[in-house]
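First up is the structure itself, then whatever we jot down about it.
Bear in mind that the values in this text are calculations on the coordinates, not laboratory data. Just so we're clear, the structure is a prediction, and the values are computed from it rather than from any experiment. Reconstructed Cβ throughout: ideal geometry from the backbone, glycine too, with neighbour counts over all protein chains shown.
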Amino acid sequence: MYVPSTEPSRDSTSYVHDLVQTAMSTGKGKNKVMHGAPQALIICSSALRVVELVKILRVVTKRPVAKLFSRHIKIDTQKKMLEEGAVDVAVGTPNRVLRLLRDGDLKVNRLKLVAIDCWQDEKMRVVVDMDDTRSDLFAIWRDVLLPASKNPDYNFKLRLM
């Protein structure tokens, strides 16, 4: 992927902030926060990376951010949070995001941005390289995002970061 030199580096806080803010600045009325339907979905390789990005996003965007991963958080708790609480940005691991999408608790009807976090772990692997995450990531694309992208009512961008 070509990244123009005017963009901040992918490790900077400003890059994540600018990416999310640009995706969500869509005009009047469309920024209304809704239950279970984020405007930005960021998919990460691990729970630790999700927590790191959520901390950054909550500070810089000042918007509701959902963390979606299976370590220490039961899926029923996350389903209840998505049902009862407003969410504008969701950050999660492929397995948990896929499960919530398939169960209908996480919706794609308001998505403006889907970002795949290409952060490298200590073994220099990214979410696409890992056996644990690759199949779920591609299932998200094949089963949910690709069909949604063919619907003229849905208009989201896919970015690698």
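Between Glu122 and Ile73, 0.36 nm times their residue separation minus their Cα-Cα distance comes to what?
Values: separation 49, 0.36 × 49 = 17.64 nm, distance 2.40 nm.
Answer, rounded to one decimal: 15.2 nm.
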Inter-probe distance in nm under a simple model that places probes 7 Å from Cα toward Cβ, at Arg102 and Lys150: 2.0 nm
Under Karplus coefficients 6.51, -1.76 and 1.60, residue-wise ³J(HN,Hα) of segment 146-160 in Hz, glycine/proline x: 4, x, 5, 5, 7, 7, x, 6, 9, 9, 10, 9, 10, 10, 9
